[in-house]
Every structure is written in C-alpha cells, then in structure tokens.
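Note sheet for the following structure.
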Amino acid sequence: MSKIAEFSAENFVAFKDISLKFKPGINIFIGSNGTGKTHLLKTLYAACSITDGADRERGFGQKLIGVFNPYEGRPGRLSYRGSGSVTSRVVIKMARKKISAEFSNHTKVASSINVTGEARWKDDEIPCAYIPVKEMLAHAPGFLSTMSRRELSFEEIYGDIISRAYLPQLKGPTGDKRKKILEALQEAIDGRVTTKGEVFFLKNGQGNLEFTLLSEGMRKLALIWILTQNGVLTKGSILFWDEPEANLNPSRMGEVVEVILELQRLGVQIFVSTHNYVLLKEFELRSNKNDSLSYTALFRNKRGIIERESVDRYKDLSVDKILETYNSIYDREIESSIKGLNFG
C-alpha cells in the first residue's frame, strides 16, 4: 500500500527549512495560526491527487497552483517571503519513490516549475480526499459547472471534495471493517445520505432533509459516510482533514475520533490539523497500543522560523500552545475565585 513517509521543504510557503517523517496511520498536527499546518496538508494532497481520477493528466506543479491558488497563478508567490532571490523546493517520499518540485520566487507560470520523479510517482493510484475547514456539500448544486466555466477565487480542494462525494457506491462486498464504520456513522447522523440531482439529503425518520437544514458538524459526519460508502476512503487511501472540530459540538468529537481511528484500522493513512484540546484528548483516551499515531507541534523559534517536535504520545509534547492556553484559563479562574472569597 502507498503511504507517505517523509516531507521536506526549503523556502516554501511558511517553511524556511523543515523535514518531517510520518506514521502509516494517523498524523496529527497542532500549532499556532500561521505555522504551516494547512500548507503541509495541501502540499501532500496535491502530490497524491495527481495519481487519482481526473487529476492523473495533470502535473504536480499545476496541482500545487490549483490547491494554493496564489495571486495570478504565479508559483513565485509560494516562495518563502524573505529578502532577495530564493529557490524553493519541496520533496515528498514514499517507500521506494519520491516527487519533488523546485522553482524560484521569480517563477511566473506553473509550466516553469521543475518537477522530478513524477512518472514513477504516478505508477500507483493513491485514492485520497481533502476535507477543508469549510463544509461544501450544502453548496454543491451548480458549483462544479460554475467552477469549470468561470474564473473563481476558490482553491481546487473545494471542487475536488464535491467531485469525490458525487462518486457512486463502490462495487463488491462492503467488508466487516467498512460496514462497522458505516453503521457507526449512520447511528451518529441518524440516517443515510442520498442525492437528487446535485443536491444532498439526509434520509431518516423525518424524511429527506436537505443539507442546508443540517448543522455543519452533522454534514461533516455525513461526508465521511459518503466517502466510506463510495470507496474513496478504503484500505490504501489517504485522508487529509483540516480542523475536523470546526463547527462541531464538543460532545460529538468522540464520535469523530472513533471514526478516524476505525479508518486507520481499515488501512487509511490520515493527516489531521487541529486547534482543539478536546479532540486531542479523545485521541489519547480512545486509541489503543495497536493504533499508529503521531503528534507533531509546529512552532516558531526566536528567529521566527518554523520548527517541529514529533512524538508518539500527546502528553510527551514539550511545546503545546493549546495546553498552555487551557492551563492559563484554569489558573486565571482559580485566581479569580480566590479574589472573590470574602474572608471577613
């Protein structure tokens, strides 16, 4: 099975110089805003997407421009912002192959990006999906046709996830593990997802409820049901999920984490970015010794350059802005309570 093993970048988007290794299971990224979590997920997704479906005819350089959508489509806008001329390079590795892209901050068109290793990289199809922070299925009707005919200021990730959601059900037996995930999701969303034309509905005891009438958190769970049911998420595929906690009540986060863990047990490699302490604790409490998890904190050093710390257990992170914030609130609450005491 194809699994992403390593990522390195020089002078690329938020990264001056960084190198990361990944687990074949769940890779969780935390960090303050602007530390490159979404940049990382988008880059990895671009590399996988060019092996999958409609993007197979496209190059890595072209897909990078599509997912980042820089001003006027100029690759040079993706270079690390510093003084003078810089050469930008990004490398993604799997077990026995790698793909790289190189350009300068003066590069103006995608065709001028120097890509190596692409032919061999595309030897194997890598089914993948990128779930953005903004839920898109409620906005699906007419979106793809408009995007194909008009210049819209949308990253391609939005159209891509709608396209994957429209794929029909996968042929063949469901298998026990996929069936377990689907049943758990059906219970969580209290129904099944159906479509009429380009409109998504949740079918349950109340009838067919269009997605515009559902909470955004419920739509995200429904999207995972769709991608599992139609085989986008199956053994050997890769899921990129940017802030799964967005617009989701904390009481539902355990369900989301349980589904992510089960997908990993099915054989899906998963990349998650999050700002949420509850989500992180749910991973810590619900995972078992056989699960493959990695926690990476991205942070800026005193010179403003992004560095990383990677551990197998969340509690072993020494740099954790999320936990620091929660501890700060707790300390302030204790201090406020003490000040409010009346000692006569």
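The values are calculated or read from the model by the stated rules, or taken from the named source; none is laboratory data. As the structure is a prediction and not an experimental result, all values here were calculated from the model. Positions of Cβ are generated from backbone atoms using ideal geometry, with glycine treated the same way; all protein chains shown enter the neighbour counts. Ligands, DNA and RNA are excluded from the accessible area calculation, which covers all protein heavy atoms including side chains. Shrake-Rupley method; radii C 1.70, N 1.55, O 1.52, S 1.80 Å.
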Practice task
Return the total of residues in the stretch 115-137 being out of contact with any helix residue (DSSP H, G or I) (no Cβ under 8 Å at 6 or more places or on another chain) and free of Cβ contacts under 8 Å to residues at least 40 places away in the same chain.
Solution key: 5
Exercise for the section: Report whether or not THR35 is in contact with an Asp or Glu (Cβ under 6 Å, 6 or more places away or on another chain), part of a loop (DSSP other than H, G, I, E, B) and either closer than 27 Å to ASN288 by Cβ or open to solvent by less than 10 Å² (accessible area, probe 1.4 Å) (or both). Expected result: no
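Yes/no per residue for (1) open to solvent by less than 10 Å² (accessible area, probe 1.4 Å); (2) small (Gly, Ala, Ser):
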| site | (1), (2) |
| --- | --- |
| ALA222 | yes, yes |
| LEU227 | yes, no |
| MET253 | yes, no |
| VAL259 | no, no |
| LEU263 | yes, no |
Exercise for the section: Look at ASN11 and say whether it is at positive phi and part of a strand (DSSP E or B). Expected result: yes
Fill in the blank from the handout: Matching residues in the stretch 150-174 (charged (D, E, K, R), more than 17 Å from ASN69 (Cβ to Cβ) and either modelled with pLDDT under 90 or touching a Lys or Arg at 6+ places or on another chain (Cβ under 6 Å) (or both)) number 1
Practice task
Would you mind listing the strands (runs of 3 or more DSSP E) fully within the stretch 187-234 where at least 3 residues are farther than 14 Å from PRO168 by Cα?
Solution key: 199-204, 207-210
Exercise for the section: Look through ILE4, ILE26, ILE65 and report the one residue that is of a type in the set (Val, Ile, Thr) and open to solvent by 10 Å² or more (accessible area, probe 1.4 Å). Expected result: ILE65
Exercise for the section: Select the helices (runs of 4 or more DSSP H) contained entirely in the stretch 88-179, then report the ones holding at least 2 residues which are open to solvent by 30 Å² or more (accessible area, probe 1.4 Å) and over 20 Å from LYS3 (Cα atoms). Expected result: 143-149, 156-165
Practice task
Return yes when GLY205 is surrounded by fewer than 16 Cβ atoms within 10 Å (Cβ to Cβ) and either of a type in the set (D, E, K, R) or on the phi > 0 side of the Ramachandran plot (or both) and no when it is not.
Solution key: no
Exercise for the section: Filter the stretch 281-310 for residues that are under 20 Å from PHE15 (Cα atoms) and either assigned to a loop (DSSP other than H, G, I, E, B) or hydrophobic (A, V, I, L, M, F, W, C) (or both) and give the result. Expected result: ALA297, LEU298, PHE299, ASN301, LYS302, ARG303, GLY304, ILE305, ILE306
Problem - Selection status of ARG265, at pLDDT below 90 and not in a loop (DSSP other than H, G, I, E, B) - result: no
Exercise for the section: Kindly provide the set of residues from the stretch 298-336 that are hydroxyl-bearing (Ser, Thr, Tyr), open to solvent by 70 Å² or more (accessible area, probe 1.4 Å) and at pLDDT 75 or above, ordered by number. Expected result: SER318, SER336
